[in-house]
1. Show the residue pairs that are 6+ apart or on different chains and have beta-carbon atoms under 7 Å apart, the first residue being within the stretch 69-80 and touching a residue at least 24 places away in the same chain (Cβ under 8 Å), the second being assigned to a loop (DSSP other than H, G, I, E, B) and buried (at least 16 other Cβ atoms within 10 Å of the Cβ).
2. Check whether at least one residue in the stretch 89-106 is assigned to a helix (DSSP H, G or I), within 15 Å of the chain's Cα centre (by Cα) and among the hydroxyl-bearing types (Ser, Thr, Tyr), and report yes or no.
3. Based on this model, can you work out whether Leu11 counts as within 16 Å of the ligand (Cβ to nearest atom) and closer than 22 Å to Ser183 by Cα?
4. Failed condition for Asn95, given (1) exposed (fewer than 14 other Cβ atoms within 10 Å of the Cβ); (2) under 19 Å from Leu170 (Cβ atoms); (3) without any contact (Cβ under 8 Å) to a residue 24 or more places away in the chain, with all others met?
5. Look through the stretch 14-48, keep the residues that are farther than 14 Å from Val186 by Cα and in contact with a helix residue (DSSP H, G or I) (Cβ under 8 Å, 6 or more places away or on another chain), and return whichever of them is nearest to the ligand (Cβ to nearest atom).
6. Out of all the residues in the stretch 67-81, is one or more charged (D, E, K, R) and either within 16 Å of the ligand (Cβ to nearest atom) or part of a strand (DSSP E or B) (or both)?
7. Which condition number does Val36 fail, the rest of (1) surrounded by 19 or more Cβ atoms within 10 Å (Cβ to Cβ); (2) farther than 23 Å from Gly164 by Cβ; (3) in contact with an Asp or Glu (Cβ under 9 Å, 6 or more places away or on another chain) being met?
8. Please work out if Gly9 is at pLDDT below 95 and surrounded by fewer than 18 Cβ atoms within 10 Å (Cβ to Cβ).
Amino acid sequence: MPVSCPVCGELGEVLCDECADSLLEPMKFEYSDFDVYAGAFYEGDIRQVILDLKYEGLKAAGKILGLKLANLFERPDIDLLIPVPLHTGSERDYNQAYEIASGLGACWNIKVRDDLCSWRHIVSRHATLSKAEREELTPEDFKIKADKIKNLKAALVDDVCTTGTTLRCLARACSQAGAEVNSAYVIAKA
Ligand SMILES: [Zn+2]
């Protein structure tokens, strides 16, 4: 099958420029100690593109969406972008959050580091955390390389923010390790 834009069907495009532009607009969600910048609500075409990115091998869409997301916001004053890690034991071939971060990092000229944070526990490979489980997450669910992250400013990156609990727990874990992390960039807010 030749590659085609999943939104308009244009041949030869993983996700065409016009569609990528039309899907995104800048949004900001403020939690008590944390800001989440998003490009869309998780619905319709963008939801389908994100599902294709995660589960159908549409890897290249991640960087395209990341570049487009970066264009919506001012470059943050940070040292690093940290994608939310895949669950330890995941059999996925790539981390969609890393692909998105690579687009943001390329546009903003900020380093992407996916080797500083990991999940401490192994989650069943087919499990997606239910809302209740996510509410029980704590910063202790993440392992952080404190020696590498200490005194740096970072922002987190993920594909979708639902309750924000994962992002805030990871941010707190990074903060406890001596970094300054008070924002995240996601493609969509569910
Ligand atoms: Zn298109």
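1. Partner pairs satisfying both residue conditions: Leu69/Leu24; Leu72/Leu24; Ile78/Ile110; Asp79/Leu152; Leu80/Ile110; Leu80/Arg113; Leu80/Leu152.
2. Yes, the stretch 89-106 contains a residue that is assigned to a helix (DSSP H, G or I), within 15 Å of the chain's Cα centre (by Cα) and among the hydroxyl-bearing types (Ser, Thr, Tyr).
3. no
4. Among (1) exposed (fewer than 14 other Cβ atoms within 10 Å of the Cβ); (2) under 19 Å from Leu170 (Cβ atoms); (3) without any contact (Cβ under 8 Å) to a residue 24 or more places away in the chain, the lone unmet condition for Asn95 is (1).
5. If we take residues in the stretch 14-48 being farther than 14 Å from Val186 by Cα and in contact with a helix residue (DSSP H, G or I) (Cβ under 8 Å, 6 or more places away or on another chain), then Cys19 is nearest to the ligand (Cβ to nearest atom).
6. The answer is yes; a qualifying residue exists.
7. (2)
8. Spelling it out, Gly9 is indeed at pLDDT below 95 and surrounded by fewer than 18 Cβ atoms within 10 Å (Cβ to Cβ).
The values are calculated or read from the model by the stated rules, or taken from the named source; none is laboratory data. This is a predicted model, so every value here is computed, not measured. Every residue, glycine as well, gets a Cβ built from its backbone with ideal geometry; the counts of neighbours run over all protein chains shown.
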